[in-house]
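S.K.: Structure below; questions to follow.
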């Protein structure tokens, strides 16, 4: 399935590494303010205020006042998630459905919060279909075709007023996280998937499921359900976690299995098993590095000037964690003069010699992304060298696109006095045969963003 990324204050939930959410769990305004003021030292992508901990939550004016203070402390960049966790799902407050809805809507309409957590179900997933026996037979039971489907289960277990609350909150402009927490057990894989599908049918922006493991296999069940949901059904970000010490792995492996957010502490934890946010960030980065695609040799980006070689090289540098080499800039640095002046003083043949010299110097270099000059394929020896030492990727673009990209450049000596579509087309045609003969991979760049282009390249050249 193609997942919809949720963007909140420029934080993209559902893309890249799991985002780290740090909870604030103070009981008084002073404790809440103090925790918020200490957050700048922690790697928080977003902050959750667990308002159920706040002693004066239901006192008139207190909620809005604290939210205003939190927004002031967090500034404009960090999203704020508002959560009231009820006692039924492991929280601190016993509230009527009416009071629960009123407080969430008050927060949503305050203008200070970006996301609101809504508990969707009256019963946790562990009671949905089968009660777990004391062994692994539950996994076999879950395969039965007789169990209710996800949408029937949503109707059966939907919390009173939950669907209406989700809709009203979305009308205020905030994003909604639909959640369910089971502190008693972990349901079988198929039931967990049904629970997530039922959440999705209620149309929150993000679905969140937390369960308590009783044995190691429960953690595997949660991770498997997360992966299956993302592979087969999800059209929005999913957040899952297995709580407690046993479930720690689930808080670290979101990028592998498909959980978009993980929770780390900046002091007191809001749920069992949360890791300190700094350590959590280190683990996530380590796993992220391990997941980067690997290349056996250089990636040589060739193509006509303006095809996007430099832009794509910069993006690949970040995706792969390898060095980007700009061939033209390297030649200029070695020669101590610009390419334009080389052409003017010595002619094109002199420049081509310096180009080959620089290219051959990359033989002993660790794998890198090399943005080549537009005419590197003019010499056969250059093409032979690149093919021996990596993959050659041809980026193409139509003449109109090229002109639009280079029209303001003064560093294109070949186009001096010829900055027009017809000249560019004729020059492209002269080099087309050489480009296509050299290329291992051909990628058209017209109408594509740089990430899409990079993904196509890496699918073709990664080990």
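Every number in this text was worked out from the coordinates using simple rules, so none of it is lab data. Keep in mind it's a predicted model, so treat the numbers as computed, not measured. Heads up, the Cβs are rebuilt from the backbone with ideal geometry, glycines too, and the neighbour counts pull from every protein chain shown.
S.K.: For the residue pair residue 276 and residue 59, what label-to-label distance in nm results when each label sits 7 Å from Cα along the Cα-to-beta-carbon direction?
M.R.: So the two model labels end up 3.3 nm from each other.
S.K.: Right, next: To the nearest 0.05, how large is the calculated FRET efficiency for residue 94 and residue 171 if R₀ is 22 Å and r is the Cβ-Cβ distance? Mind dumping the intermediate values first?
M.R.: Numbers: r = 28 Å, r/R0 = 1.26.
My answer for the efficiency is 0.20.
S.K.: Now, a different point. Return the FRET efficiency for the residue pair residue 164, residue 319: r is the Cβ-Cβ distance, R0 is 30 Å, and the value is rounded to the nearest 0.05.
M.R.: 0.10
S.K.: Here's a follow-up. Using only Cα atoms, what is the ratio of the radius of gyration of the chain to 2.2 N^0.38 Å?
M.R.: The reported ratio for this selection is 1.23.
S.K.: Related question: Under the 0.36 nm per residue contour assumption, what length would be gained going from the current alpha-carbon distance of residue 436 and residue 421 to full extension?
M.R.: Values: separation 15, 0.36 × 15 = 5.40 nm, distance 2.09 nm.
The residue 436-residue 421 span can extend by a further 3.3 nm.
S.K.: What share of the DSSP beta bridges in the chain is antiparallel, in percent to the nearest 5?
M.R.: Just about 10 percent of them are antiparallel.
S.K.: Additional query: What does the extension gain come out to for residue 11 and residue 462, with contour length at 0.36 nm per residue minus their alpha carbon separation?
M.R.: Residue separation times 0.36 nm, minus the Cα-Cα distance, leaves 159.6 nm.
S.K.: Using the beta-carbon distance between residue 27 and residue 285 and R0 = 56 Å, what value does 1/(1 + (r/R0)^6) give for FRET efficiency, to the nearest 0.05?
M.R.: It comes to 0.95.
S.K.: Once label points are set 7 Å from the Cα along Cα→Cβ at both residue 34 and residue 156, what is their separation, rounded to one decimal in nm?
M.R.: About 4.8 nm, to one decimal.
S.K.: Roughly what angle does helix 348-360 make with the longest principal axis of the chain, taking Cα atoms, 0 to 90 degrees, to the nearest 10?
M.R.: 50
S.K.: For the chain, find the longest principal axis of its Cα atoms and tell me its angle to the long axis of helix 189-201, 0 to 90°, nearest 10.
M.R.: Roughly 80 degrees between the two axes.
S.K.: To the nearest 10 degrees, how steep is helix 450-461 against the longest Cα principal axis of the chain, on a 0 to 90 scale?
M.R.: 80
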